[in-house]
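Below you'll find the structure, written out as structure tokens, and then a few comments.
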Amino acid sequence: MKINSRKTRRQFLGTSAAIGLFTIVPRKALGGPGHTPPSEELTKAVIGVGGMGRGHLGYPGSRLLAVCDVDRAHLNMALERVSDDVKGYADFRDVLDRDDIDIVHVPTPPHWHALISIAAAEAGKDIWCEKPMARTIYESQQVVKAVQKHNRIFRLNTWFRFQGGFYGMGTEVKPIKKCVENRLLGWPLKVTVGATTGFNWKFQWSGHTSLQRETIPESLDYDMWLGPAPWKPYAKHRTHATFRGYWDYDGGGLGDMGQHYLDPVQYFLEKDDTSPVEIEVDAPQQHDDAVGSWRRITYRYADGCEIILDGEGKDEGAAYIEGPEGKLFPKFESDIVGLKEQVDSLPDPAPQITDFSESVRTRKKFALNESNGHRSCTLVNLGIIAVRLGRNLRFDPDAQRFIDDEGANRLLQQPMRGPWHV
């Protein structure tokens, strides 16, 4: 990726090492004279310290050395919360120039996720990225290529496939995974994700269709905030906490919550290496700038499994998972007698690394990494494309292109404003 004419020293070193077939590992994971032993903390920087980004400041496992934001007000708020040895930056490229940072957190708006993740991989950093992984399918494909080319460790900041109460289900995903992979409900399965099964699609993230030009705050570098996005007159609602309501930066509630809700489904349906072949949509006509609501999105896989996104909360009484041999409802209730006892007796799913520091030190993939993260981000972006176009789509999960629909294929890779591109 060439983000502009400036190439950092770290990018040059990363490219040289890749050509020489060396594996780049964090400075602190190396041994020998002059290197800090791996028992000491890893170091990190957080790029984008708005509301979500400030939540990344205290994630354990690494020591914070730098924060970065294009809004001086956000940057100052972050600096007030951290120790005096943490340095602030306005340009992420200056952060990537530092050779004492192992991990880069990327909680920017999604239209920056791919660009910064790729640049971080080229600079020899490991990456902890917010969801969704990227704003388009092509962008997340390029993140996968960069991470793997430069031997980086990547994680997405959604964790429900491996820990935590899974929203309305009242359980971790592990017992659901055990139930599904042992075919206690039969096969194929239908999964309903909506208000009646404990999931809220947050349509309050819809955009405004009649924005008026406003004065850019003195603290904000609006041109840099836009970055690769098309230039449009500044309006407060377009930025910061409400940016999700505009197609240029995200995809509304589906962009906000989609990877949280759908990544665990992809995991327990055993779809980490594939994508749906059909996408059906029921939605009102969308504005060309502002994201609106939708009523229903149905994903269908080649083996007959379906994921239904219920936007209206109309599927009253719907099971979360339904198969030919039984149903599983919210709160892990089931119409199969003794299901919990059966699940408890089954072997656990294959182990995963769920501590990012362990992944960085061992150079082994994190549970939610660039590869399976790309596929769950693809679920989000397939739904967004169907909603924007207002029509059903057929998709080739191997070629990762739509079938006989060039209008849809044009949305796989959307132009970036120069000089930014992947």
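From the list ALA290, ALA302, ALA318, which residue is open to solvent by 30 Å² or more (accessible area, probe 1.4 Å) and either free of Cβ contacts under 8 Å to residues at least 60 places away in the same chain or not basic (Lys, Arg) (or both)?
Going through ALA290, ALA302, ALA318 in turn, just one is open to solvent by 30 Å² or more (accessible area, probe 1.4 Å) and either free of Cβ contacts under 8 Å to residues at least 60 places away in the same chain or not basic (Lys, Arg) (or both): ALA302.
Please determine whether any residue of the range 348-357 is assigned to a helix (DSSP H, G or I) and surrounded by 13 or more Cβ atoms within 10 Å (Cβ to Cβ).
yes
Suppose the filter is among the hydroxyl-bearing types (Ser, Thr, Tyr), touching a residue at least 12 places away in the same chain (Cβ under 8 Å) and touching a Leu at 6+ places or on another chain (Cβ under 9 Å); does SER117 pass it?
Criteria not met by SER117.
Could you list, in sequence order, all residues of the range 71-117 that are in contact with a Cys (Cβ under 7 Å, 6 or more places away or on another chain) and of a type in the set (Phe, Trp, Tyr)?
TYR89, PHE92
Which condition breaks for PRO60 when tested against (1) closer than 24 Å to THR362 by Cβ; (2) modelled with pLDDT under 95; (3) not in a loop (DSSP other than H, G, I, E, B)?
Result: PRO60 fails condition (3) only.
If you go through the range 239-255, how many residues are assigned to a helix (DSSP H, G or I) and either crowded, with 21+ Cβ neighbours inside 10 Å or among the hydroxyl-bearing types (Ser, Thr, Tyr) (or both)?
Number of matching residues: 8.
Take the range 223-238 and flag every residue that is of a type in the set (D, E, K, R) and either assigned to a loop (DSSP other than H, G, I, E, B) or over 22 Å from the mean Cα position of the chain (by Cα) (or both).
ASP223, LYS232, LYS236
Contact list please: Cβ distance under 6 Å, first residue in the range 328-347 and among the charged types (D, E, K, R), second residue open to solvent by less than 90 Å² (accessible area, probe 1.4 Å) and not in a strand (DSSP E or B), pairs at least six apart or on different chains.
Between residues of the range 328-347 that are among the charged types (D, E, K, R) and residues that are open to solvent by less than 90 Å² (accessible area, probe 1.4 Å) and not in a strand (DSSP E or B), the close pairs are LYS331/GLY170.
Among the numbered criteria (1) over 21 Å from the mean Cα position of the chain (by Cα); (2) over 24 Å from PHE162 (Cβ atoms), which single criterion is violated by CYS305?
All conditions are met except number (2).
In the range 223-238, which residues are touching a residue at least 24 places away in the same chain (Cβ under 8 Å) and open to solvent by less than 70 Å² (accessible area, probe 1.4 Å)?
MET224, TRP225, LEU226, GLY227, PRO228, ALA229, PRO230, LYS232, ALA235, HIS237, ARG238
When you go through (1) assigned to a helix (DSSP H, G or I); (2) open to solvent by 60 Å² or more (accessible area, probe 1.4 Å); (3) not acidic (Asp, Glu) one by one for VAL337, which number turns out not to apply?
The number of the failed condition is (1).
The values are calculated or read from the model by the stated rules, or taken from the named source; none is laboratory data. Quantities reported herein were computed from a predicted structural model and do not represent experimental measurements. FYI the Cβ positions are ideal-geometry reconstructions off the backbone, even for glycines, and counts take in every protein chain you see. Each accessible area value is taken on the protein alone, full model and side chains, heavy atoms only, with ligands, DNA and RNA left out. Shrake-Rupley method; radii C 1.70, N 1.55, O 1.52, S 1.80 Å.
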